[in-house]
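Peer 1: What follows is a structure written as structure tokens; I'll ask about it next.
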Protein chains: 2
Amino acid sequence: MTTEQEDEKSWEEWIRLVAEEYGLNLEKKDRETEKQKRILEAAMHIFSERGFEGASTSAIAERAQVAEATIFKHYRSKKGLLLHLVIPAISRVATPFILRPVLKILDQDKPSEELFRELYADRVRLVERNWKKIKIIVVESLFQPELREALQDHVARSIYEVMSERIGDWQREGRLRDDLPTHVVARSILSIGIGYLLAKNIFPRYLAQGEEEQELAWMAEVLLHGIAGPKEKEEG
Amino acid sequence: MTTEQEDEKSWEEWIRLVAEEYGLNLEKKDRETEKQKRILEAAMHIFSERGFEGASTSAIAERAQVAEATIFKHYRSKKGLLLHLVIPAISRVATPFILRPVLKILDQDKPSEELFRELYADRVRLVERNWKKIKIIVVESLFQPELREALQDHVARSIYEVMSERIGDWQREGRLRDDLPTHVVARSILSIGIGYLLAKNIFPRYLAQGEEEQELAWMAEVLLHGIAGPKEKEEG
DNA sequence: GTGATAGGTGAGTAAGTGCTCACTTAACTG
DNA sequence: CAGTTAAGTGAGCACTTACTCACCTATCAC
């Protein structure tokens, strides 16, 4: 679709454009008013409950106990409000800042099974703490191409790069199979985690309840050694 | 949340209520007009592109080359139109009809690796053919509780039941590990498949392009034997 | 023929929608 | 103190939304 060159600089470019168009203030910690906080909280709640199109600015204003015009004073437009909510979250997730705990976990001197269990435990906690925002980002990226592209170009890429570096190392060390390409290994790790999160948040019925520790251990088990039984292993 | 007893009869009950409220005609193949077909096609396209709330009936009417009033003649309301589109699809997916190919594949006398590869190939094809509708169903079920409950009670359950029966058999035969609970095995199988579909449809960039056969084989490999390398296996 | 039924429509309607504007209030700056 | 700036708002704007209604046409049974 787009060429690699275009992708390289697109994130910073895009952020700057968005910041200009929607009046997004990036680094400067310009103190938020009490009302601004309430607006963002209300927006998060209502966007995640009804979706962007289904949420009305009047409903957000009402929940925030604020005049509707106040929203537009600060965020210029409804879409600006969405981006104010979502971009800082994406930035935080995408920078090394949030990937550092991952590396910290993986660099410990422990059996892989334990490392992956800790990794999953950590990421699951992170996602749960930010579930509403993540829901908004994921759903809206399905419908807003610019948001989707920003996610692809920045978030997915940086996660993938960090992962694939470690995977390469581990394959050379013999901790991971070296007959699988990196992207398959990376996707497998993510798939098991995402599968669990989907189950937990959408179909909690199909989970052993109150046994998260055990579930996380099983995830690491399956990821590392698969689900094949003894009979299969003889044949292979 | 809800008790088991309530769940048991909820699907048929719910369908009947929906059918009455929105004038949904279930079995009787009462011939669709040319215009009705066009409306459904347009609705599918626009719902999946903009989401339910983001889609306007006027846009649907325009795409279908039909007067807006015609939509309401046949489907009573916008939500009725959505359900007309979505419920037959769910029903078809949820009934044994669509699960039969799955069993047919799994009952062949072949190595597990091959069976899972065929299974994934088959399901991936199915999802791709119906991607637009599936997208609508998944996204809308996040926002419409009744739809979500219908999915949970009916679709998830019937899939889970079919899967867990086979899994139990295979565990007893030694084809699958018997030290994992059924729901973990089932979730693992689904996770690997869903992970691939997400990658393919949302982040196609991270896929070996034009090598679907190979990708499917890797999925089955990872599912059965995991990603651990030789060093790990010695220790375990 | 008459009547009934169903498909289809143009022209509306009331109730929102996102957003603007003129304005007030309060807090800081010199 | 006056002057500037930012936070905040009530009233209203142009426009869109889902939906209705009276009406037309075509088919078909009697």
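Peer 1: Dipole of the range B:68-185, Cα-centred, from +1 at each Lys and Arg C-beta and -1 at each Asp and Glu C-beta, to the nearest 20 debye?
Peer 2: So the magnitude is around 740 debye.
Peer 1: Between A:Glu13 and A:Glu41, how high is the FRET efficiency from 1/(1 + (r/R0)^6) when r is the Cβ-Cβ distance and R₀ = 30 Å? Nearest 0.05.
Peer 2: Using R0 = 30 Å, I get an efficiency of 0.50.
Peer 1: Could you work out [θ]222 nm for the protein assembly as shown from helices alone, using -39500 (n - 2.57) per DSSP H run of at least four and dividing by all its residues? Round to the nearest 500 deg cm²/dmol.
Peer 2: -24000 deg cm²/dmol
Peer 1: Still on this model: Kindly identify the protein assembly as shown as rounded, prolate or oblate by the Cα gyration tensor criterion: order the square roots of the eigenvalues as a ≥ b ≥ c, call it rounded if a/c is under 1.5, otherwise compare a/b with b/c, prolate if a/b is larger, else oblate.
Peer 2: It comes out oblate by the Cα gyration axes.
Peer 1: Tally Lys and Arg at +1 and Asp and Glu at -1 over the other residues with C-beta under 12 Å from the C-beta of A:Gln209: what net charge comes out?
Peer 2: With Lys, Arg at +1 and Asp, Glu at -1, the neighbours total -1.
Peer 1: To continue, here is another question. Between copies, how far does the label point of A:Leu17 sit from its twins, in nm, shortest first, when each point is 7 Å from Cα along Cα→Cβ?
Peer 2: Nearest to farthest, the other copies are at 4.7 nm.
Peer 1: Is the range B:148-228 rounded, prolate or oblate when judged by the Cα gyration tensor, a ≥ b ≥ c being the square roots of its eigenvalues, rounded requiring a/c under 1.5 and prolate requiring a/b larger than b/c?
Peer 2: oblate
Peer 1: Hey, got the dipole for the protein assembly as shown? About the Cα centre, +1 on K and R Cβ, -1 on D and E Cβ, debye to the nearest 20?
Peer 2: The calculated dipole for the protein assembly as shown is roughly 1720 debye.
Peer 1: Which value, in debye to the nearest 20, describes the size of the charge dipole of the range A:52-126 about its Cα centre when Lys and Arg Cβ atoms bear +1, Asp and Glu Cβ atoms bear -1, and nothing else is charged?
Peer 2: Once rounded to the nearest 20, the dipole reads 360 debye.
Peer 1: Could you give me the ³J(HN,Hα) list for the range B:134-146, computed from phi with Karplus coefficients 6.51, -1.76, 1.60 and θ = phi - 60°, whole Hz, x at Gly and Pro?
Peer 2: My calculation for the range B:134-146 gives 5, 4, 4, 4, 5, 5, 5, 5, 6, 10, 10, x, 5 Hz in order.
Peer 1: Once the other residues with Cβ under 12 Å from the Cβ of B:Ile192 are scored (Lys, Arg +1; Asp, Glu -1), what is the net sum?
Peer 2: Charge balance in the 12 Å sphere: +2.
Peer 1: Whole-Hz Karplus ³J(HN,Hα) for the range A:103-113, in order, using 6.51 cos²θ - 1.76 cosθ + 1.60 and θ = phi - 60°, x for Gly and Pro?
Peer 2: 5, 4, 5, 6, 8, 5, 9, 9, x, 3, 4
Peer 1: Between A:Arg31, A:Arg175, A:Arg76, where does the largest GNM mean-square fluctuation fall for chain A, given springs only between Cα atoms within less than 10 Å?
Peer 2: Greatest mean-square fluctuation among the candidates belongs to A:Arg31.
Peer 1: Mind giving me the nanometre distance, one decimal, between the label points for B:Thr33 and B:Glu173, set 7 Å out from Cα along Cα→Cβ?
Peer 2: It works out to 5.3 nm between the two label points.
Peer 1: Provide a whole-number value for the mean count of partner chain Cβ atoms within 10 Å of the Cβ atoms in peptide B:51-63.
Peer 2: Across B:51-63, the average partner-chain Cβ count within 10 Å equals 2.
Peer 1: Continuing with the same structure: Given H placed 1.01 Å from N in the peptide plane, which residues other than close sequence neighbours of A:Leu176 have an amide H under 5 Å from its amide H?
Peer 2: Those lying under 5 Å, H to H, from A:Leu176 are A:Gln171, B:Gly229.
Peer 1: List, shortest first and in nm to one decimal, how far the label point of A:Ser58 (7 Å from Cα along Cα→Cβ) is from its counterparts in the other copies.
Peer 2: 1.8
Peer 1: Can you work out the FRET efficiency for the pair B:Glu21 and B:Glu62, with r the C-beta to C-beta distance and R0 = 30 Å, to the nearest 0.05?
Peer 2: 0.65
Peer 1: Moving to a separate point now. I'd like to know which of B:Phe72, B:Ala55, B:Val86 lies farthest towards the positive end of the charge dipole of chain B, counting +1 on Cβ of Lys and Arg and -1 on Cβ of Asp and Glu.
Peer 2: In chain B, that residue is B:Phe72.
Peer 1: Here's something else I'd like to know. What residue among B:Ile134, B:Gly210, B:Leu24 has its Cα farthest toward the positive end of the dipole of chain B, where the charges are +1 on Lys, Arg and -1 on Asp, Glu, each on the Cβ?
Peer 2: Of B:Ile134, B:Gly210, B:Leu24, it is B:Leu24.
Peer 1: Along the positive direction of the dipole of the range B:87-227 (beta-carbon charges: Lys, Arg +1; Asp, Glu -1; about the Cα centre), which of B:Ile194, B:Pro111, B:Ile167 reaches farthest?
Peer 2: B:Ile194
Peer 1: Identify the residues of the range B:166-182 with backbone N under 20 Å of a label point that sits 7 angstrom from the Cα of A:Glu211 along the Cα-to-Cβ direction, or state none.
Peer 2: Residues B:166-172, B:176-182 fall inside that zone.
Peer 1: For A:Lys37, go 7 angstrom from Cα along the Cα-to-Cβ vector, then report the distances to that same point in the other copies in nm, smallest first.
Peer 2: Ordered by increasing distance: 6.0 nm.
Peer 1: Take the alpha carbon gyration tensor of the range A:86-227, find the square roots of its eigenvalues, order them as a ≥ b ≥ c, and report rounded if a/c is under 1.5; if not, report prolate when a/b exceeds b/c, else oblate.
Peer 2: Oblate, since a/c reaches 1.5 and b/c is not below a/b.
Peer 1: Between B:Thr182, B:Thr57, B:Thr33, which gets the highest mean-square fluctuation from a Gaussian network model of chain B, Cα cutoff 10 Å?
Peer 2: B:Thr33
We did not get these values from a lab; they are worked out from the coordinates using the rules stated. Just so you know, these numbers come straight off a predicted model, no measurement behind them. With ideal geometry, Cβ positions are generated from the backbone for all residues, glycine too; neighbour counts draw on all protein chains shown.
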